[in-house]
Each structure stands twice: as structure tokens, then as C-alpha cells.
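The values are calculated or read from the model by the stated rules, or taken from the named source; none is laboratory data. What you are looking at is a predicted structure, and each value in this text was computed from that prediction instead of being measured. Glycine also receives a Cβ, built like all others from the backbone with ideal geometry; neighbour counts cover every protein chain displayed.
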Amino acid sequence: MNRRIIIVAAIVLILSFIGIYSLSVLMYRSGKTHVTMPTSSQGAVITINSRVVNSSEIYLKPGKYMVSAIKNGYYEFRKIYEIKDKNINLSIKLSSIPDKTVSESEFSGDFNALKAEYPIISNLPYEDPLYLLDYNIKGSYLNGYLIEIIIISDSAVGRRAALQGIKDLGYNPIDYWITFLNFEVEVK
Amino acid sequence: MNIKKISIIVAAIVVLLVGFGLLMAILNAPIEVNVKFTSSYPDTKITLKVPKSKDVEIKGGQTIKLSVGDYWASYSNTDLSKNPFLISIKKTTNDIRLDPGYSAEILDKKMSDEKDSIENKIISIFSSSTYSIETEKLYHIGEWFSGSLTVTQTDPNADPLLGNPDDYDRYYIVFHKDSQNNTWTLVGGPKLILTKPENPTIPIYVLDDINPSS
């Protein structure tokens with residue numbers, strides 16, 4: 001008898017909870033438009049009228065909204081959208097801040113950490129009768145830094161020798177950004 | 001009294017040792033997980049080398065119980081590459097998605113079938129230079145192509161016999177074939193070296209293979 005009462009009470013409780021939840025969802029969504037916000041970059045912080053939105057889907061009343069998105073290494077996205085009573089897809093496209101070559105004075109990272117990540121720079125600049133190997137630091141404080149290996153040689157033999165030279169120093173050239181200076185690709 | 005005491009101590013030590021032994025056995029027992037093997041190639045069969053045991057034959061779509069650890073495996077299908085590869089099974093592993101590539105013989109055959117269409121594509125893209133197309137190769141299931149272009153004659157009036165073959169640059173190119181419309185698209189090069197950071201969409205096995213310093 002008691003068991004039956006407990007089961008009935010549990011079912012009533014569950015059904016009540018489902019009913020109340022469904023009702024509150026319906027009330028919340030009533031008169032609002034379903035808005036989806038696919039973002040081109042994961043991890044971006046999206047705000048609508050300065051309020052942080054934690055989901056890529058939201059229900060909004062018709063009206064004008066300022067949508068913004070920020071992420072380290074990307075330009076801030078800001079756009080005013082007019083939400084009407086039709087479901088809308090707000091495409092948020094973040095553009096990355098281009099990396100540029102930085103001088104030693106502009107470099108604001110940890111040089112020892114950079115050296116640990118790119119140990120080849122301890123060996124550069126490296127001069128050979130056929131070529132010169134050097135490096136540039138590229139990037140920004142927000143995007144992080146990377147190394148670009150510079151090869152200077154005025155002959156095909158020298159350019160090939162430079163790539164072999166990187167290997168001889170104990171590094172694999174395909175792991176790096178490599179730029180040949182004063183050189184133009186002949187295949188057009 | 002003394003005997004009773006000693007018996008109790010010995011019994012306690014035995015119980016402790018047995019308990020410790022059991023605990024160690026439980027701790028060191030191999031953790032087994034159910035792993036489902038799926039494959040992009042139909043009817044894939046792989047042979048798994050299990051240490052201190054018989055090799056295990058697995059078919060695509062099969063779920064088997066395996067201990068956590070690393071296993072060497074190789075495909076048994078005649079068309080697929082026989083190169084052994086490592087499968088790591090962790091506590092959290094539920095699925096292993098296999099993506100086999102064709103054997104070198106099949107890829108060579110496919111290369112001869114595709115040679116004309118790829119070379120025509122290269123010539124249509126790089127129409128302003130004179131070069132020879134070399135080291136042509138297909139990878140995986142034939143959807144990746146790498147080759148090199150050597151500019152042999154930049155001056156049309158120059159005597160080809162006077163040219164120094166060592167002083168020509170070799171440019172590397174990579175094409176990818178679209179499975180929908182069967183067209184080849186240039187995805188890397190022409191460059192003297194195709195590096196990993198500059199070509200994130202090209203598989204590493206392709207870049208490793210065409211590395212000019214190797």
C-alpha cells in the first residue's frame with residue numbers, strides 16, 4: 001500500500017516538474033525570436049547589449065541589439081542587428097589580427113621560452129660560403145610568437161645546401177616557416 | 001599463551017600479506033575496455049599484435065575487449081598498405097576510426113591512370129614557364145598528389161648542353177582531388193620546401209615524404 005503511494009507521489013512530482021518546466025520555457029519564449037549565433041572562432045566571448053551570452057542559441061524580443069564578440073588575437077566584432085519575429089541566424093565572423101615581423105625592442109614575450117620552443121635560434125645567424133641562415137620573430141603578444149627562418153643565397157645549389165644545413169644543425173626544416181630572401185619563384 | 005600470541009601475530013601477518021597481495025593484484029590487473037573499430041574502407045581487416053598472446057584479427061565494425069596499452073597493427077586486405085601502425089588504447093577509448101591507405105602497387109597503378117589529367121592541370125596552371133615534372137606520387141587512397149617542377153630552361157635561346165643541372169631549383173607542389181567532382185586543386189607550392197606550419201591542410205606524411213633534404 002505504502003509502496004503504491006510512494007510510486008504515485010513520485011510520478012505526480014515528476015509530471016509536475018515537467019509541466020512547470022515546460023510552462024516556464026513557453027512563457028520565456030513567448031513573443032521572442034529564436035536567434036542562433038554561429039561563431040567563426042571557438043572560445044569567443046559574445047555579448048548582446050553588453051550582457052555576456054553563454055550559448056550559441058538565445059530567444060530575444062524583436063528590436064535592435066548590439067552584438068559583439070571578442071577573442072585574443074582577433075579584431076573585435078561589433079554589429080547592430082535588427083531582430084524581427086522571424087528566426088534569425090547571426091553570423092559572427094572574427095578576423096584574426098595578422099602576424100607581423102617584430103624587432104627585438106617590439107618583442108614583449110619571454111625570449112628564453114621562445115628559445116626553448118625553437119632551439120634552432122641558438123645557432124643563428126649561421127654563415128656558410130654558399131648561404132646565410134638567420135631568423136625573424138613574427139607574431140604579437142596576443143597571438144603569440146613564432147620563428148621564421150630566413151635563407152639568403154644567390155644560387156640553387158646554395159638554397160639546397162641551406163636546407164641541408166638546417167638538417168645538419170640537427171633540425172628538420174619542414175617544422176619551420178621558411179622564407180628565401182632576394183628570391184623569386186620561377187614557375188609561373 | 002606464547003604460542004597463542006605467536007599464532008595471532010603470524011595469522012595477522014599472513015592476512016596482511018594476502019591482503020597486500022590481493023590489493024597489488026587488483027591494482028596491477030590490466031584494465032580492459034570495449035573498443036569499436038570502424039573504417040573508411042569497406043570490409044577492413046586488421047591484425048593486432050597482442051603481447052604474450054596470439055595475434056587478433058579484427059574486422060571493421062567489430063567491437064572487442066582490449067587491455068589499455070599500445071598495439072602494433074597492420075591491414076590484412078590485399079589492396080591496403082601493409083605498413084604497421086600504432087593503436088593506443090586508453091581508459092577512455094571507445095572508438096577507433098581507421099583510415100587506411102592503398103598499397104604502393106595500387107597507388108602506382110592509380111598514378112599511371114591519373115598522370116595525364118594531373119600533368120594537364122599542372123600545365124594549365126603554370127603555363128608561362130618551361131619545366132619538367134618529376135617525382136610524381138599519390139598518397140593515401142590516391143586523393144593526394146605530390147610532384148616537383150624543375151625549371152630546366154629559363155632562357156629559350158640558351159644551349160641546353162651548357163646548363164648546369166645542379167643549378168636549377170626544384171619546386172614542390174601538392175594537389176588534392178575533390179571526391180565530389182573528381183578535379184585536382186593545387187593546395188601547396190610551388191615552393192622550394194613545403195613546411196608543416198605553412199601548409200596545415202596537407203597531411204604530415206605527404207610533407208615528410210617530399211622533404212627535399214631527406
Discussion item. Given the condition over 27 Å from A:Tyr75 (Cα atoms), β-branched (Val, Ile, Thr) and either in contact with a Leu (Cβ under 7 Å, 6 or more places away or on another chain) or crowded, with 16+ Cβ neighbours inside 10 Å (or both), answer yes or no: does some residue in the stretch A:120-128 qualify?
Written reply: yes
Practice prompt. Please work out which one of (1) within 10 Å of chain B (Cβ to nearest Cβ); (2) surrounded by 16 or more Cβ atoms within 10 Å (Cβ to Cβ); (3) not in a helix (DSSP H, G or I) is the condition A:Lys138 fails and give its number.
Written response: (1)
Discussion item. Filter the stretch A:57-109 down to the residues that are of a type in the set (Gly, Ala, Ser) and either in contact with a Ser or Thr (Cβ under 9 Å, 6 or more places away or on another chain) or exposed (fewer than 13 other Cβ atoms within 10 Å of the Cβ) (or both) and list them by number.
Written reply: A:Gly63, A:Ser68, A:Ala69, A:Gly73, A:Ser91, A:Ser95, A:Ser96, A:Ser103, A:Ser105, A:Ser108
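Filtering the stretch A:141-150 down to residues that are of a type outside the set (A, V, I, L, M, F, W, C) and part of a loop (DSSP other than H, G, I, E, B), which residue is nearest to B:Pro197 (Cα to Cα)?
We begin by selecting, within the stretch A:141-150, every residue of a type outside the set (A, V, I, L, M, F, W, C); these are A:141, A:143-145, A:148.
Going one step further and asking which of them are part of a loop (DSSP other than H, G, I, E, B), we end up with A:141, A:143.
On the way: A:Tyr141: 19, A:Asn143: 15 Å.
In this case the residue turns out to be A:Asn143.
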Discussion item. Looking only at the stretch A:1-45, how many residues end up being more than 47 Å from the chain's Cα centre (by Cα) and under 27 Å from A:Ala69 (Cα atoms)?
Written reply: 0
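Look at the stretch B:130-139 and say how many of its residues are in contact with a strand residue (DSSP E or B) (Cβ under 6 Å, 6 or more places away or on another chain) and surrounded by 13 or more Cβ atoms within 10 Å (Cβ to Cβ). Can you show your working first?
The first filter runs over the stretch B:130-139 and keeps only residues in contact with a strand residue (DSSP E or B) (Cβ under 6 Å, 6 or more places away or on another chain), leaving B:131-138.
Now narrow it down to the ones that are surrounded by 13 or more Cβ atoms within 10 Å (Cβ to Cβ): B:131, B:133, B:135-138.
Number satisfying all stated conditions: 6.
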Practice prompt. Run down B:Ser76, B:Ser53, B:Ser81 and say which single residue is of a type in the set (Ser, Thr, Tyr) and modelled with pLDDT under 85.
Written response: B:Ser53
Worksheet item: Within the stretch A:52-63, can one find any residue that is at pLDDT below 80, hydroxyl-bearing (Ser, Thr, Tyr) and not in a helix (DSSP H, G or I)?
Response: yes
Item to complete: Sort out which residues of the stretch B:25-50 are out of contact with any Ser or Thr (no Cβ under 9 Å at 6 or more places or on another chain) and not in a strand (DSSP E or B), and write them in order of number.
Response: B:Ala25, B:Ile26, B:Leu27, B:Asn28, B:Ala29, B:Ser40, B:Tyr41, B:Pro42, B:Asp43
Fill in: Residue, farthest from the chain's Cα centre (by Cα), within the stretch A:151-188, restricted to residues that are at the interface with chain B (Cβ under 7 Å from one of its Cβ atoms) and assigned to a loop (DSSP other than H, G, I, E, B)
A:Ser155
Worksheet entry | Lone unmet requirement of (1) exposed (fewer than 10 other Cβ atoms within 10 Å of the Cβ); (2) farther than 24 Å from A:Ser140 by Cβ; (3) in contact (Cβ under 8 Å) with a residue 12 or more places away in the chain; (4) out of contact with any Asp or Glu (no Cβ under 6 Å at 6 or more places or on another chain) for A:Gly43 | (2)
